[in-house]
Amino acid sequence: MTSQLMVDLVPVGEDVLEDLLALAVAEAQPGEVMPPASGESPHEARTTWTELRKGAFRDYHRRCRLSPTAPVPEVTWAVKARGRIVGAARLALVDGDPGAREVGLWLGESYRGHGISGEVAYWALAAARTMDARRLVARTVASARARRSLERIGFEVAERDGGLVGTLALP
C-alpha cells in the first residue's frame with residue numbers, strides 16, 4: 001500500500017526482522033510490542049529488553065510469517081514509511097469469532113503522530129475483507145490519542161479492562 005506518506009507493509013524476512021528488532025529496542029517498550037515471554041516477570045516483560053525478550057520477539061515474528069502451505073492464525077508485517085522501517089502490523093484470527101480479525105500495530109516512538117496508523121488501518125480493512133471477515137477488532141491502551149485515531153478510522157470504541165477496544169463492521 002502506498003500513500004502520500006509512502007507507507008508500505010513488507011514481509012518480515014530475516015533481514016527485516018533484525019531491523020525491526022533494532023527499532024523495537026531503541027524506540028518501544030517491550031510491553032508495547034508483544035506479550036510477555038515465558039519466564040519473564042510482569043514488570044520485566046513491560047519495561048526491559050532482555051536477551052530472552054529479544055529471542056521471543058524473533059520467534060514470534062518467525063511464527064507469524066505468511067505461508068502458502070500452512071495457514072497461520074496471525075500474520076505480521078513490518079511497516080515502512082518513506083523507505084524506513086517504523087514499526088509492525090498484524091492481523092489475527094479472533095478466538096470464537098470466525099468472522100472477525102484483530103488488527104494490531106506498534107510504531108517506534110519517533111514515528112507516532114504522523115498519520116501512519118491511519119494508513120495501516122486502511123490496509124487492514126482491505127486485507128480483512130480478502131479473508132472474508134465481517135468485523136475488525138483493535139485493542140490498545142486507553143489514551144486520548146488512541147481513541148481519536150480509532151474513531152477517525154470509523155471504529156466504535158469502548159473502554160474495557162483498563163484499555164480500549166474498537167470494533168468496525170465491514171461492508
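What follows draws every value from the coordinates through simple rules; no lab data is involved. A quick note: this is a predicted structure, and the numbers were derived from the prediction, not measured. Glycine gets a Cβ as well: all are built from the backbone with ideal geometry, and neighbour counts include every protein chain shown.
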Worksheet, complete the sentence: Cβ density ranking, 10 Å radius, fewest first, applied to T50, T130 yields T130, T50
Worksheet entry | Exposure proxy order (Cβ contacts within 10 Å, fewest to most) of H61, H114 | H114, H61
Worksheet item: What's the exposure ranking of R147, R90, going from fewest to most Cβ atoms within 10 Å?
Response: R147, R90
Item to complete: If a/c stays under 1.5 just call it rounded; otherwise compare a/b with b/c (prolate if a/b is bigger, oblate if not). Do that for the stretch 1-90, with a ≥ b ≥ c from the square roots of the Cα gyration tensor eigenvalues.
Response: oblate
Response to the item:
If unit charges are put on Cβ atoms (+1 for Lys and Arg, -1 for Asp and Glu) and the dipole of the stretch 7-169 is taken about its Cα centre, the option from P71, A88, H114 lying farthest towards the positive end turns out to be H114
Fill in: Paramagnetic reach from R63 (point 7 Å along Cα→Cβ, amide N under 12 Å) across the stretch 33-49
35-38
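Run the numbers on the stretch 91-171 and let me know its relative contact order in percent, using alpha-carbon pairs under 8 Å that are six or more apart.
Contact order relative to length: 29 percent.
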Practice prompt. Please get the size of the charge dipole for the chain, origin at its Cα centre, with Cβ charges of +1 on Lys and Arg and -1 on Asp and Glu, quoted in debye to the nearest 20.
Written response: 400
